[in-house]
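The values are calculated or read from the model by the stated rules, or taken from the named source; none is laboratory data. This is a predicted model, so every value here is computed, not measured. Please note: Cβ atoms are built from the backbone with ideal geometry, for glycine as well, and neighbour counts cover all protein chains shown.
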Amino acid sequence: MPHIPGFHVIDCEENILVPFSEDVLDFGYATLSYVWGLETTSPALSSGSPLPKTVPLVVSDAITVCKQLGLRYIWIDRYCILQDTQEDAHAQIQSMNHIYKHSDLTIIAAAGSDPYYGLPGVSTRARLRPLRPPLHIGDQTLIPLPFKSQIDGSNSGYAESKWNTRGWTYQEAVLSRRRLVFTDTQVFFQCLNSRWQENLSLSLPTGPPSEQGPLAQLFPHGPVGLSNWDFGTHVTRYFGRELTYSSDALNAFLGILREFQEGSAGLKNLVGVPIYRHKQPIIGFLVGLCWDIRLPTASRHLLTEDGLDMNWSPFSWLKQDGLFPSWSWLGWK
C-alpha cells in the first residue's frame, strides 16, 4: 500500500486515533460507508486523540462488528481525516481507491438516513422483520426459501435506501474488495468470488452484473479499472447522485478515476473526461468528449479537422452548475 500523508485509523480496542503502520496491515482494518446526514463538519481530533465520549450509533456499532470479526482497526472518514493540514486531508481524498481496496472489509450502513440510525441487529436498533430460522425435524433440516427478489437483491432494502442515493458512497462500495451490507431486514456479504445473505444458506455465484440482479449491479464482480469499457458504466451509475456540496462532484468520484489511471486500463482523464490511448493524445481526448446523455432534446455537433464528430446531448432538465467546464459531464446536474 502506498504511503498516504496523515493517514490514521481508529484502534477499536483503545478507542483512539493511531497513525497507519505495517502493524495495521498485519492486524487488518475495516472501512465504514454510511450516510452523514445533516452534519457537515468533523470533530477536531489529532493523532493519539481518544474518540469523543458520545459518537453516532453507526460508529459504535461498526466498532462492535470489527471486534466481533477480529479486526482491530477501522477507518471512518469523520474522525480519521484529520483537519490539522488541508494537504493531508486532500491526500486522503485523492487516495480513496487505496484506502478502500486495501481494507479487509467495508461495513456498509444501508439502513436509515443518518449516522444515528446504526446497524440493525448489532445493538439497540432492531430489525424490522426477523428472519425465519431453519426448522429441524429429526435428522432433517428444512430451510425457508426466499423469494427471487430477496435472492437477486431487488427487494433487499439497499436499493431504495438513502445510502444508495449519496454521491460519496458509490466509490466507497465499488472500490471495496469485501462488503458487509446491513439493511433493516438482514445482512449481505459479497466479495470478488461470491455473495452470501442471511436468508439463504448457500453461496450465490458472482458474474456479469446484468445477470445477477440489482445487488450485483451496484457491487461489481471484479476490480475497477481493468477495462476502458467499464468507465462509462461507472459514470452512468454515479451521475445524478446527491451531494451536499456540488463542488464535491469530482472528489467523490476521484477514487474511481485514480483506479482507471493506475490500473491496467491506464486511462487518464481531464476533469473527469477520459483521455483514450491514441498516438496523438489530443485525439484521445476528443474521443472522450463524445460522451452522450440519453434522451436528448438538443444536440450540438462539431466536426473536427480530423473528421471526429463530437456530440453533446444534455437532458432537458439538466443545467450547468458553473463549477466545472461544460464539456465535462461533471459540469451538468
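If I filter region 45-64 for residues that are farther than 19 Å from CYS191 by Cβ and among the charged types (D, E, K, R), do I get at least one hit?
The answer is yes, given that some residue of region 45-64 is farther than 19 Å from CYS191 by Cβ and among the charged types (D, E, K, R).
Per-residue answers, yes or no, for (1) at negative phi; (2) at pLDDT below 95; (3) not in a loop (DSSP other than H, G, I, E, B):
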| position | (1), (2), (3) |
| --- | --- |
| ILE10 | yes, no, yes |
| TRP36 | yes, yes, no |
| ASP61 | yes, no, yes |
| ASP88 | yes, yes, yes |
| ALA91 | yes, yes, yes |
| GLY112 | no, yes, no |
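Is region 161-181 home to any residue that is modelled with pLDDT under 85 and either of a type in the set (A, V, I, L, M, F, W, C) or assigned to a strand (DSSP E or B) (or both)?
So far as region 161-181 goes, no, none of its residues is modelled with pLDDT under 85 and either of a type in the set (A, V, I, L, M, F, W, C) or assigned to a strand (DSSP E or B) (or both).
Just need a number here: residues in region 38-56 that are part of a loop (DSSP other than H, G, I, E, B) and modelled with pLDDT of 90 or more.
6
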